[in-house]
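A short write-up of the structure that comes next.
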Amino acid sequence: MAKTKSFRCSACGANFTKWSGRCDGCGDWNTIVEEAPLSAGPASKSLGAKRGAALDLSDLSTEEAPPPRTTSGIGELDRVLGGGLVASSAILVGGDPGIGKSTLLLQAAAEFARSGLKVMYISGEEASAQVRMRARRLGLADAPVQLAAATNLRDILTTLEEERPHLAIIDSIQTMWADNVESAPGSVSQVRAAAHELTTFAKRKGVSVILVGHVTKEGQIAGPRVVEHMVDTVLYFEGERGHQFRILRAVKNRFGPADEIGVFEMTGAGLAQVMNPSALFLSERGTPSPGSVVFAGVEGTRPVLVEFQALVAPSPHSQPRRTVVGWDGGRLAMILAVLEARCGIPFTGLDVYLNVAGGMKISEPAADLAVAAALVSAREDSALPADTVVFGEISLSGALRPAPQSENRLKEAQKLGFTAAITPSGGKALADMGLKLTQMGDLTAFVGDIFGAG
Ligand code: TYD
Ligand code: MG
């Protein structure tokens, strides 16, 4: 039988039988690479009649103590982890190169070590001297962290076995190589094998591991997504190059809520926590201007106010531009379609730019109404009062749907000095927060009453 070739996407790990330029799984371009053919695997007969051991079964109500946790004292990190580090857990921290992953984890390593854990930091990218230099600069040189520069997985596992730390940080998973896997370090097979060995080791021996994974654009190096399913917790460290703010976001957490965020600021002395992100995201806001709308959002358990900015201008192109930063382009197309079809506000022949100020990424559907408000405000050249926040989901019919945690949002807005809010009607009755509430049932009423448009 001829050996069939196998191809795999290095970003999401999807399998293909032939090469193509674009991955059907994740939509990324140029990420599909040929893989060493897999072994034929076990023969295709059934397991046979040989009996195995019977499993110990339990029921769902069996009492289990909550997992023991250790807090680092970095509140923003602890909250994203779901209340601290769970023993024997495996955590992936992904992010673009240079975003600050090593800085964050060195700071975390030092704090966990100071709070009594035995912490090992294994750097596959930087020499020990470099890591020590950074630690000195961050004022962490006195923390009892055990440091090593290594990439051989076998050596690392042996060391972990002997030392039995509470926490091992592997920076980064793409530099690790297992000598029993034939492909080059960074390939999908190597990254998978290394992550598998480390996470199973974590479960077996009671060592927590944190794996650092670079988000990659080229196809030759596997991205962190190929190991997401192997770990308990997946955190992404995000931020825009030009901005100081960094956001640590939980996208999967077996031990706590997903969608929780921690906000940091990159300073000359490492990452500093941002306790009140709303104030920070709104700090650069000037006088009210058309196209600017404050959205009262919720990230995980915490309300965050951000500013949406829209610009609508006649387009010189036959196909007008739709450019979005910090929000979903597909969702923008939907809002534009609803504005056109239900409210009679066309955007044909107009370029549309939408931006979330401060480098924040918003994925909540509750931002729909704020986006619509920003678009109409920009188009009609009419500013919303500066002390007003907006939130609510828009359905395709143009109806407005109430958003979860409305009271939380209003409370945060009130705390930051806002005096009015525009929200969908219906849903739970809202307690009086001292804000002037304007509740609307559908988008047509909203654009008509607020902007006199449509
Ligand atoms: P780093 O943690 O090395 O990023 P990653 O591990 O995600 O690739 O961070 C690199 C950037 O952070 C670098 O551009 C310099 C900046 N930085 C500061 O601004 N202040 C600091 O105190 C440190 C340590 C780094
Ligand atoms: Mg690094």
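A short reminder: the numbers here are calculations on the coordinates, not readings from a lab. Please read these numbers as outputs of a predicted model, since none were measured by experiment. Cβ: placed from backbone, ideal geometry, glycine included. Neighbour counts: every protein chain shown.
Footprinting exposure proxy ranking of 179, 78, 387, fewest other C-beta atoms within 10 angstrom first, gives 179, 387, 78. The convex hull built on the alpha-carbon positions of segment 42-164 has an orientation-averaged projected area of 13.0 nm². Both radii were evaluated on the Cα set of segment 99-200; the Rg over Rh quotient, with Rh as the Kirkwood radius, amounts to 0.98. Plugging the Kirkwood radius over Cα pairs into Stokes-Einstein for segment 67-128, at a temperature of 4 °C and a viscosity of 1.567 mPa s, what D comes out in µm²/s? D, rounded to a whole number, is 103 µm²/s. Here is the size of segment 48-97 from its Cα atoms: Rg then Dmax, 18.5, 55 Å. The Rg/Rh ratio of segment 171-318, with Rg taken over Cα atoms and Rh as the Kirkwood radius over Cα pairs, comes to 1.09. Between residue 34 and residue 333, the modelled label-to-label distance comes to 3.5 nm, taking each label 7 Å out from Cα in the direction of the beta carbon. Residues 351, 381, 368, 432, arranged from fewest to most other Cβ atoms within 10 angstrom of their Cβ, appear as 432, 381, 351, 368. Helix 188-205 sits at what angle to the longest principal axis of the chain, using alpha carbons and giving 0 to 90 degrees rounded to 10? Rounded to the nearest ten degrees, it is 80.
Here the spin labels are modelled as points 7 Å beyond Cα on the Cα-Cβ line, and at residue 273 and residue 130 they lie 3.0 nm apart.
Working from label points 7 Å from Cα in the Cα-to-Cβ sense, the residue 419 to residue 284 distance is 2.8 nm. In this structure, the amide hydrogen of residue 172, modeled 1.01 Å from its nitrogen in the peptide plane, lies closer than 5 angstrom to those of 124, 125, counting only residues at least 5 positions away or on a different chain. Per q in 0.12 Å⁻¹, report the Debye log10 I(q)/I(0) for the chain, using one uniform scatterer on each alpha carbon and no solvent. After summing over all Cα pairs, the log10 values are -1.10.
Amide H to amide H, with H built 1.01 Å from N, residue 92 comes under 5 Å of 211, 233, 234, 235, counting only residues 5 or more places away or on other chains. Extension gain, residue 57-residue 71: 0.36 nm per intervening residue step, less the Cα-Cα distance, totals 1.7 nm. Using only alpha carbons, segment 258-400 has a radius of gyration to Kirkwood radius ratio (Rg to Rh) of 0.99.
For the chain, relative contact order (Cα pairs under 8 Å, six or more residues apart, normalised by length) works out to 12 percent. Under the rule that an exposed site lies in a DSSP loop and has at most 12 other Cβ atoms within 10 Å, name the longest stretch of the chain with no GluC sites (Glu not before Pro) of that kind, not counting the sites themselves. Counting at most 12 other Cβ atoms within 10 Å as exposed, the longest clean stretch of the chain is 285-454.
What FRET efficiency comes out for the pair residue 383/residue 341, r = Cβ-Cβ distance, R0 = 22 Å, nearest 0.05? That pair, residue 383 with residue 341, gives E of 0.30.
Rounded to the nearest 0.05, the FRET efficiency derived from the C-beta distance between residue 203 and residue 445 at R0 = 45 Å is 0.25.
Close Lys pairs in segment 75-221, defined as Cα atoms under 22 Å apart and 8 or more places apart or on different chains, number 4.
Residues 361, 18, arranged from fewest to most other Cβ atoms within 10 angstrom of their Cβ, appear as 18, 361.
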